[in-house]
């Protein structure tokens, strides 16, 4: 669980600032499950620079709650989560200062999306939030207001998680230790996971991925895994520490992610077989040299895409608005590249020959159309 945070402060001398606005979106890796947004009365002057930058005036915060009055809510919403912020050192430092003034020690793990963006989205013109999200086609309203900046950071963080092919963020920071008893681990997993389409990753006590699976109903699949008496499921049960889920919306995208990541990560308990949905299905007829295969996304507003070039799958991604993929630069900024193997080739042949998609659009037309229904 993550708490994606943005703060605005009075300005002034270092470590003497006070918070004037706070926004927190609690994000479970798939959805925002809680949020807290509030102006805060700092009981001190706001510098002219900050007032001009944010539009927050002394009059606006005069009737706002004090930090001491919102502190409990902040503790509650960030409990059992990792703080995520763009330039996290700034936001985390301010929270610690405010809690320290109340005599409370506030200690959290944190993730900085500036650092992650530099690693996972290289060669961007700028890593300042406004310029970065604009280049990625991520909407940003109310720039330099806590809610607008935090909401844009949520969308940026979603993209960063998807681009983190090696699962470095997840393995180091995400999952809470679920306990030694297999039954208690099972109960915890069933409690937290929904019957959604996607990929799940099982980690051992060394935070290594030991098993990857795709499913149209993840909760039911894990339930079967934990109730099986077969040797491999029993081995997984005895080695499990935690589980992480990535929704895909599209089941065929889930299969592609599964086989791509098995090939890359080589989990201990995955047996790699060459799949063939229909032995009569051969190579597909390509409608153009480069095209996108559009399918459902992770929610009603989102769509997934596969980028195919010269009959090879280059990678996949997600988008909500057409202006997020209507140039080559934007499309590739959202693209998660994969190396095609035999499994993925079989899946791609099946998807296209059996028309298991919503739309198939040549790439040159993507850059010309305004809406993809």
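The values are calculated or read from the model by the stated rules, or taken from the named source; none is laboratory data. Just so it is clear, the structure is predicted and the values come from calculations on it, not from any experiment. When we count neighbours, we look across all protein chains shown, and the Cβ atoms used for this are built from the backbone with ideal geometry, even at glycine.
Residue-wise test of (1) under 15 Å from residue 133 (Cα atoms); (2) modelled with pLDDT of 75 or more; (3) crowded, with 18+ Cβ neighbours inside 10 Å.
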residue: 153; (1), (2), (3): yes, yes, yes
residue: 162; (1), (2), (3): no, yes, yes
residue: 166; (1), (2), (3): no, yes, no
residue: 170; (1), (2), (3): no, no, yes
residue: 177; (1), (2), (3): no, no, no
residue: 180; (1), (2), (3): no, no, no
residue: 186; (1), (2), (3): no, no, yes
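The numbered conditions (1) touching a strand residue (DSSP E or B) at 6+ places or on another chain (Cβ under 6 Å); (2) touching a residue at least 60 places away in the same chain (Cβ under 8 Å); (3) crowded, with 20+ Cβ neighbours inside 10 Å are all true for residue 77 except (3). Annotation note: of 256, 232, 281, 222, the sole residue that is in a helix (DSSP H, G or I), at pLDDT below 90 and within 25 Å of residue 341 (Cα to Cα) is 232.
Taking segment 289-310, which residues are part of a strand (DSSP E or B) and over 8 Å from residue 249 (Cβ atoms)?
Initially, segment 289-310 is screened for residues part of a strand (DSSP E or B), giving 290-296, 303-309.
Matches in segment 289-310: 290, 291, 292, 293, 294, 303, 305, 306, 307, 308, 309.
Tell me yes or no: at least one residue of segment 323-341 is surrounded by fewer than 18 Cβ atoms within 10 Å (Cβ to Cβ), within 18 Å of residue 301 (Cβ to Cβ) and free of Cβ contacts under 8 Å to residues at least 40 places away in the same chain. For segment 323-341, residues surrounded by fewer than 18 Cβ atoms within 10 Å (Cβ to Cβ), within 18 Å of residue 301 (Cβ to Cβ) and free of Cβ contacts under 8 Å to residues at least 40 places away in the same chain: absent.
Taking into account only those residues within segment 95-131 that are closer than 18 Å to residue 2 by Cα and assigned to a helix (DSSP H, G or I), which is modelled with the lowest pLDDT?
First pass over segment 95-131, keeping only residues closer than 18 Å to residue 2 by Cα: 95-96, 106-117.
Filter once more, so that each one left must be assigned to a helix (DSSP H, G or I): 95-96, 113-117.
Details: 95: 93, 96: 89, 113: 89, 114: 83, 115: 79, 116: 86, 117: 88.
If we take residues in segment 95-131 being closer than 18 Å to residue 2 by Cα and assigned to a helix (DSSP H, G or I), then 115 is modelled with the lowest pLDDT.
The residues in segment 1-27 that are in contact (Cβ under 8 Å) with a residue 60 or more places away in the chain and surrounded by fewer than 14 Cβ atoms within 10 Å (Cβ to Cβ) can be counted, and the count is 1.
Restricting the search to helices (runs of 4 or more DSSP H) fully inside segment 40-93 and requiring at least 3 residues that are in the same structural domain as residue 116 (by TED's automatic domain parsing) and over 23 Å from residue 107 (Cβ atoms) gives 48-54, 58-62.
For segment 340-354, a residue qualifies if it is outside any helix (DSSP H, G or I) and under 26 Å from the mean Cα position of the chain (by Cα), and the qualifying residues are 340, 341. A residue that is in contact with a helix residue (DSSP H, G or I) (Cβ under 6 Å, 6 or more places away or on another chain) and within 18 Å of residue 78 (Cβ to Cβ) can be found somewhere in segment 40-57. Taking the condition modelled with pLDDT under 95 and in contact with a helix residue (DSSP H, G or I) (Cβ under 8 Å, 6 or more places away or on another chain), does residue 262 pass? Here the answer is no, as residue 262 does not meet what is asked.
Might you let me know whether segment 241-250 holds any residue that is over 28 Å from residue 350 (Cα atoms), modelled with pLDDT under 90 and surrounded by fewer than 17 Cβ atoms within 10 Å (Cβ to Cβ)? Within segment 241-250, not a single residue is over 28 Å from residue 350 (Cα atoms), modelled with pLDDT under 90 and surrounded by fewer than 17 Cβ atoms within 10 Å (Cβ to Cβ).
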